[in-house]
Amino acid sequence: MCGIVGYIGPKEAYPILMKGLHRLEYRGYDSAGVALMDQEIKLYKQKGKVSELEAFVKGKDVKGTVGIAHTRWATHGEPSQINAHPHFSETKTLAIIHNGIIENYSVIREELKRRGYHFSSDTDTEVLVHLIEDIKFNEKVPLEEAVRIALTQVVGAYAIVIMSKLSPNKLIAARKGSPLVVGIGNEEFFIASDATPIVEYTKDVVYLDDEEIAIVERDKELSIIDIRKETKTPYVQKLEMSLSELEKGGYDHFMLKEIFEQPRAIKDSMRGRLNAPLGIVKLGGIIDYEQKLAKAKRILITACGTSWHAGLVGEYLFEDLARIPVEVEYASEFRYRNPVIYEDDVVLVISQSGETADSLAAIDIAKRNGATILGICNVVGSSIPRQTHAGVYTHAGPEIGVASTKAFTAQVTILTLMALRAAQLRNTISTTRFNQLINELDIIPEKIEAILRQNDKIKKIAAKFKDSRNFLYLGRGYNFPVALEGALKLKEISYIHAEGYPAAEMKHGPIALIDKEMPIVFIATRRGMYEKVITNIQEVKARNGVIIAIATKGDKEVAKMVDYLIEIPDADEVLVPLLAVIPLQLLSYYIAVMLKRNVDQPRNLAKSVTVE
Ligand code: M6R
């Protein structure tokens, strides 16, 4: 969602800010803006893409070594030039950029209106900048103190950066519920909503904690206070991310690059955690909590979107291997439905971004009920790993495409390792089966390579179906979540309606839809509920349905029943989701490309959903 970049240092700020905004484009947005400090604050903003802002600014004065810039994903007020950030205060002395939502903005707005303030936009952000100005003038305090007092009065989530004409060598940044990172360079500072705009300038970063305020001043050390006025010591961390991970590296889209990165991403997620020859699974991040996990009466998995689908695979894994009852919950429902949570529950939160608002709220509820909370997350230093008791990073590397691909397979890999370890501790798995599964898991990356080599074949199948308006995805057992994930991938990037169902559920409703216009994608791999799925395929054939099947290599029976076949290597059913999802990702990708969709930034979607 919205993106923030700030700079203060010896260089011209504008090129750094614009490059930063381009790096943040993947998050999703609908307008962009920039403010630069010279003698005055120069502020430019535009509806649409960053390139449209650049075109608008061309030829104008962009001088200044201090600046802030923003990409906005509309919440309060339509996407428009007026609602775009930065926003000026009443006297144009202050300019602010803001991610998040100020929930009590209308009360503050009415009060400020009574005191003579004017509002030109529909945003909650403008309320905040006027409030800060009001406090600054009335209390006669330094900017950081005015910001601090204002933040004690607002309810909601924020990551903000503020510049003031009266303190031209200073930026004030603060966060609560929305991430903010300060990069420390050579006599310069960078501020951003994630590390992607910073990584090419410095690897030294400080992730702000909730309710912290950073004072970033030319020729001074970074200083941090919290909203209770306590001084904090900045904790400088080294970024692990590299610049090449943020570039397309010769691929047409980030999504395709990330699909092809999966063998490497899965290896990275297993590195140091799986030693197949020695029969060891060791998850350092949760080592102090693995007994809690093994002894849990119940595991509650909560997540959103693709991460929720990974959670569903987790349900099969933990119940099947470790015999622990599992419930999988959409975080958005879990947070509001007064769930029953016990102190001996383990709540497992899965998130690529680590910033999903609903998942963070689910953590809050679980904490209040005294449960142990573990996380599986991709973005190092993000909010979810900070809020959980312990967790495991997926180490899939930055995922830039809005459609999640490598994060999903890395999450499933970690869930497999966790379930295997829990099973080992609970003695619910024989050593022979444990060793068989870890040895197979170890070579999954090579099997994925083999699937990726069928790229051209999958592209040809995509060409046949690009004009279909509806798709049905069917699978059973471990392949049911894969069917859901296949359908989600297609709809989010191609805008084609697609639904995933457990294959047997088809006859309770969706069977009515079947005709020769609607392709049915079956995940019909040989292990698990193979015979049952074959029956479901026959039911579809009997009604003239057109079938694309993902089947095990060499399966002649499925081959002769279906219209299009994509073969994947044989694997234990426990591990099949890691393979079966790959052709579905490629199928969606090519259909979307052929329909000329914006694959990496599909309409209306954001990479990290930081609002409800
Ligand atoms: O960052 P998270 O994993 O918490 O995000 C959850 C969903 O928003 C995300 O998986 C979304 O569904 C993706 N666009 C799916 O491709």
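The values are calculated or read from the model by the stated rules, or taken from the named source; none is laboratory data. None of these values were measured; they are calculated from a predicted model. Note that we place each Cβ from the backbone using ideal geometry, even for glycine, and neighbour counts take in every protein chain shown.
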Over 20 Å from the mean Cα position of the chain (by Cα) and modelled with pLDDT under 95, is that true of Gly250?
yes
One residue is enough: does segment 80-100 have a residue meeting the conditions under 28 Å from the mean Cα position of the chain (by Cα), assigned by TED's automatic domain parsing to the domain that holds Lys42, in a helix (DSSP H, G or I) and surrounded by 14 or more Cβ atoms within 10 Å (Cβ to Cβ)?
no
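Of everything in segment 468-481 that's closer than 23 Å to Gly401 by Cα and over 19 Å from the mean Cα position of the chain (by Cα), which residue is surrounded by the fewest Cβ atoms within 10 Å (Cβ to Cβ)? Reasoning before the result, please.
First, the residues of segment 468-481 that are closer than 23 Å to Gly401 by Cα: 471, 473, 481.
Applying the additional criterion that residues be over 19 Å from the mean Cα position of the chain (by Cα) yields 471, 473.
Values: Phe471: 24, Tyr473: 28.
My answer is Phe471.
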Report every pair of residues separated by at least 6 positions or lying on different chains whose Cβ atoms are under 8 Å apart, first residue within segment 482-497 and closer than 15 Å to Leu312 by Cα and charged (D, E, K, R), second in a helix (DSSP H, G or I) and within 10 Å of the ligand (Cβ to nearest atom).
Glu485/Thr306; Glu485/His309; Glu485/Phe408
Among the listed residues Gly486, Gly475, Gly500, identify the single one that is of a type in the set (Gly, Ala, Ser) and farther than 27 Å from Gln601 by Cβ.
Gly475
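Tell me whether segment 500-515 contains one or more residues that are under 23 Å from the mean Cα position of the chain (by Cα), assigned to a strand (DSSP E or B) and crowded, with 17+ Cβ neighbours inside 10 Å. Step through it out loud before you land on a result.
Start the filter on segment 500-515 by keeping residues that are under 23 Å from the mean Cα position of the chain (by Cα), which leaves 500.
The next check asks that each one be assigned to a strand (DSSP E or B); those that pass are 500.
From the residues that got through so far, the ones that are crowded, with 17+ Cβ neighbours inside 10 Å too are 500.
Scanning segment 500-515, I find at least one residue that is under 23 Å from the mean Cα position of the chain (by Cα), assigned to a strand (DSSP E or B) and crowded, with 17+ Cβ neighbours inside 10 Å, so the answer is yes.
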Condition first: more than 25 Å from Lys257 (Cα to Cα), surrounded by fewer than 24 Cβ atoms within 10 Å (Cβ to Cβ) and either more than 15 Å from the ligand (Cβ to nearest atom) or in the same structural domain as Tyr473 (by TED's automatic domain parsing) (or both). Can you find one or more residues in segment 601-611 that meet it?
yes
Consider Asn536 carefully, then state whether it is over 25 Å from Ser404 (Cβ atoms), loosely packed, with under 15 Cβ neighbours inside 10 Å, over 34 Å from the mean Cα position of the chain (by Cα) and away from the ligand (no atom under 16 Å from the Cβ).
no
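I need the full set of residues from segment 169-190 which are within 14 Å of Ile96 (Cα to Cα) and surrounded by fewer than 23 Cβ atoms within 10 Å (Cβ to Cβ), in order please.
Passing the criteria: only Lys170.
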Checked against (1) part of a loop (DSSP other than H, G, I, E, B); (2) free of Cβ contacts under 8 Å to residues at least 12 places away in the same chain, Asp219 satisfies every condition except (2)
Which ones in segment 528-554 are farther than 16 Å from Ala483 by Cβ and in a loop (DSSP other than H, G, I, E, B)?
Ala542, Arg543, Asn544, Lys553, Gly554
Could you check, for segment 356-363, whether at least one of its residues is within 11 Å of the ligand (Cβ to nearest atom), surrounded by 24 or more Cβ atoms within 10 Å (Cβ to Cβ) and assigned to a loop (DSSP other than H, G, I, E, B)?
yes
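Tell me which helices (runs of 4 or more DSSP H) are completely within segment 239-341 and hold 1 or more residues being farther than 18 Å from Phe408 by Cβ, of a type in the set (Gly, Ala, Ser) and within 16 Å of the ligand (Cβ to nearest atom), or say none if there are none. Spell out how you get there, then give the answer.
Numbers: elements: 254-260, 262-270, 290-295, 305-317, 331-334.
Once the helices (runs of 4 or more DSSP H) in segment 239-341 are filtered for at least 1 residues that are farther than 18 Å from Phe408 by Cβ, of a type in the set (Gly, Ala, Ser) and within 16 Å of the ligand (Cβ to nearest atom), what remains is 331-334.
Report, by residue number, each residue of segment 189-212 that is over 17 Å from Gly381 (Cα atoms) and under 25 Å from the mean Cα position of the chain (by Cα).
Keep residues of segment 189-212 that are over 17 Å from Gly381 (Cα atoms), which gives 189, 200-201.
Passing the criteria: Glu200, Tyr201.
Can you name the residue in segment 342-355 that is within 21 Å of Ser178 (Cβ to Cβ) and not in a loop (DSSP other than H, G, I, E, B) and is also farthest from the ligand (Cβ to nearest atom) among such residues? Outline the logic, then answer.
To start, the set of residues in segment 342-355 that are within 21 Å of Ser178 (Cβ to Cβ) comprises 349-355.
Next, from what is left, pick out any that are not in a loop (DSSP other than H, G, I, E, B): 349-351.
Working: Val349: 9, Ile350: 7, Ser351: 3 Å.
Per the stated criteria, the residue is Val349.
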